[in-house]
Amino acid sequence: MKPAEDIRRQQQESADDHHAPGTLVLALILLASFAIYYFANWKALADVWHVR
Amino acid sequence: MSTITVGAAPVPVDTPAPKRNHAPGQVRICDTTGLPVCTVAERFIRLNAVAAVVFLLVGAICALLVALTRWPAVHLLDPVWYYRLLTAHGLNMLIFWIIFMEIGILYFASTSLLGTRLASKGLAIASFALMAVGALVTNWAVFFTQQADVLMTSYVPLRAHPAFYAGILAFAVGALLGVIDFFATLYIAKRDKTYEGSVPLVTFGATAAAIIAVVTILHGAIALIPAFTWSLGLTEVPDAGWYRIMWWGLGHQSQQINVTAMVSVWYFLGTVTVGAKPLNQAVCRGAFVLYILFINLASAHHILVDPGVGAGWKIWNTSYAMYLAVLASLIHGFTVPASVEVALRKKGHTKGLFGWLAKAPWRNPGFSAFFLSLLIFGFIGGITGVTLGTQQINIIAHNTLRIPGHFHATVVGGTSLAFMGLAYYVVPLIFRREYPLRWLARLQPYLFGGGILLLSMGMSFAGSYGVPRRHWDVEFTGAQFSAGFDAGAHLMLGVLGVGGVVAFIGLLVFILLTVWAVFLGKRIVNRPMTPW
């Protein structure tokens, strides 16, 4: 099917269009990476900025 | 199969062909995509693409020399030329290369995807002429007046040659004319009913980019017109704090045009490379609306340590409103790969969680550039961006190399790499020429993406050691007291240098292949392009 036809069909959706378990795992890896990086930075901030 | 429709009106697949509004002989049907191509718009897409690549080359040469100066073991340039080339690098890469490409994308997304003619040839001519003259004048001011070493930010009271500001203003007005032509084209497509239902998602995304562009250009005018009249000696120097706020309405938002256009390109390349279709039209369009409403507020994180604005303003913009734009990126970051996964699973690649990813067309440079762009943008640019944009954390990162480490992952590893992937289709479909040396084209996205990954990581980790951004000599050679950074920082600066060289080679390969294809490539006449 040519892309022009793909683009015309894009506004129709079916229930099986939402089954993407691999992407869900990729998204969870991204969120875990973010959490580690984010809180490591808060730790780095706490190391140089002491609250008394 | 039952069909549900979310968001947009349903379009029966067997509807008759939509109307055309082109003058006789001014439309052709692409043999590869089946899309109508307005031959008038095609000319301007070509012109903008060629200009984009020319300024990309200028910016890339500056980039290599700057990276080889930031690498202390090489430390290539003297301070005057370092700051001069850093100024030219920022302007050519972040403004000229990308916005020329984006105007080409707007013409394509309006005319080909909606099956309409370009609204005004005159506007397109004026737009391109002003942009080209503006970019040339700005480069002339930087390289030849010796009075424009003010970096891209051009913070007052640093004063540049008037031609510096005039060139940027002319470029911005030209870009605005191109955006107006795009909106006018949307209007005549709607009026002439050249498409059925809602506009395609790619056109919707391009429209979001165009709206953000208007806001961006207005900020640029508000900041740069007073700076221009001041440089002519006609007015007093603008207030420095006010200038910084207004300038970042241009400086950061121009990168948000890039993000929005890049996401549109992801959706387009997903469709043409693996036949992906957006996971959910309403959610994807809603995410673009979030960009329009909130992404401009992200510019506030550039002034998080600025004493001129209050804590409430900073916290609202960067700790609340900005996250609504981050939410939009998270939505696209999920729906784009998910749409690829769904498409590949439908083709039978269903083994395990990642069988679809292993079987993806990694030898297609359009696909590899697009997917690497997505990964680099999300994992490196996105994670670092949200973290650095947090007000408290920003205190330990502001003005360090961590900031360029973040935006090289978003704008270069993200936007530029996605636009390179787009070029692997634009040249065969619009210039109707085949790429030569296809094995090298297949390698190029990995070379460039890998180089940028090294460069960004090197910058980010060197910045974590406290290495400042923009600085010519972090060793403070000749200082009376011992200064500089330890071996770990030097290792990371070395990684930055090596990454810069690898990325430059990848970029040079892209330019050489594209120029070769455009001028000497095998013609594509009455046949589809050779599949990647």
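Looking at the structure I just gave you, is B:Thr400 closer than 21 Å to B:Arg469 by Cα, within 11 Å of chain A (Cβ to nearest Cβ) and either touching a His at 6+ places or on another chain (Cβ under 7 Å) or not hydrophobic (A, V, I, L, M, F, W, C) (or both)?
No, not satisfied.
If you go through the range B:227-249 one residue at a time, how many are in a helix (DSSP H, G or I) and over 27 Å from the mean Cα position of the chain (by Cα)?
Number satisfying all stated conditions: 5.
In the range B:70-111, which residues are free of Cβ contacts under 8 Å to residues at least 60 places away in the same chain and under 30 Å from B:Leu123 (Cβ atoms)?
B:Ala88, B:Asn92, B:Phe100
Of B:Tyr465, B:Tyr446, which residue is hydroxyl-bearing (Ser, Thr, Tyr) and under 25 Å from the mean Cα position of the chain (by Cα)?
B:Tyr446
Anything in the range B:139-178 that is within 21 Å of B:Asn258 (Cβ to Cβ) and either out of contact with any Gly (no Cβ under 8 Å at 6 or more places or on another chain) or among the polar types (S, T, N, Q) (or both)? List them, or say none.
Listed by number, the residues that qualify are B:Asn139, B:Thr153, B:Ser154, B:Ala175, B:Leu176, B:Leu177, B:Gly178.
What pairs can you find where one residue is in the range B:193-222 and within 14 Å of chain A (Cβ to nearest Cβ), the other is in a loop (DSSP other than H, G, I, E, B) and among the hydrophobic types (A, V, I, L, M, F, W, C), and their Cβ atoms are less than 6 Å apart, with a gap of 6+ or different chains?
B:Glu196/B:Val11; B:Gly197/B:Ala8; B:Gly197/B:Ala9; B:Gly197/B:Val11; B:Ser198/B:Ala8
Out of the residues in the range B:157-176 meeting the condition of being of a type outside the set (Gly, Ala, Ser) and crowded, with 22+ Cβ neighbours inside 10 Å, tell me which one is farthest from B:Pro226 (Cα to Cα).
Out of the qualifying residues, it is B:Phe171.
Give the residues of the range B:108-151 that are in contact with a strand residue (DSSP E or B) (Cβ under 8 Å, 6 or more places away or on another chain) and either assigned by TED's automatic domain parsing to the domain that holds B:Ile430 or assigned to a helix (DSSP H, G or I) (or both), sorted by residue number.
Listed by number, the residues that qualify are B:Thr111, B:Ser112.
So that you can scan it fast, the table gives a plain yes or no per residue for (1) more than 11 Å from chain A (Cβ to nearest Cβ); (2) within 19 Å of B:Leu455 (Cβ to Cβ); (3) surrounded by 24 or more Cβ atoms within 10 Å (Cβ to Cβ):
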{"residue": "B:Leu357", "(1), (2), (3)": "no, no, no"}
{"residue": "B:Pro361", "(1), (2), (3)": "yes, no, no"}
{"residue": "B:Phe379", "(1), (2), (3)": "no, yes, no"}
{"residue": "B:Gly382", "(1), (2), (3)": "no, yes, no"}
{"residue": "B:Val386", "(1), (2), (3)": "no, no, no"}
{"residue": "B:Asn394", "(1), (2), (3)": "no, no, no"}
{"residue": "B:Phe407", "(1), (2), (3)": "yes, yes, no"}
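Take the conditions of a type outside the set (Val, Ile, Thr), more than 24 Å from B:Thr514 (Cα to Cα), out of contact with any strand residue (DSSP E or B) (no Cβ under 9 Å at 6 or more places or on another chain) and touching a residue at least 40 places away in the same chain (Cβ under 8 Å) and apply them to B:Leu388. Does it pass?
yes
Using the structure shown, decide if B:Ala325 is closer than 24 Å to A:Trp42 by Cα and buried (at least 19 other Cβ atoms within 10 Å of the Cβ).
yes
Is the range B:522-531 home to any residue that is within 29 Å of B:Arg438 (Cα to Cα), in contact (Cβ under 8 Å) with a residue 12 or more places away in the chain, surrounded by 15 or more Cβ atoms within 10 Å (Cβ to Cβ) and aliphatic (A, V, I, L, M)?
Checking the range B:522-531: at least one residue is within 29 Å of B:Arg438 (Cα to Cα), in contact (Cβ under 8 Å) with a residue 12 or more places away in the chain, surrounded by 15 or more Cβ atoms within 10 Å (Cβ to Cβ) and aliphatic (A, V, I, L, M).
The values are calculated or read from the model by the stated rules, or taken from the named source; none is laboratory data. Predicted model only: the values in this text are computed from it and were never measured. FYI the Cβ positions are ideal-geometry reconstructions off the backbone, even for glycines, and counts take in every protein chain you see.
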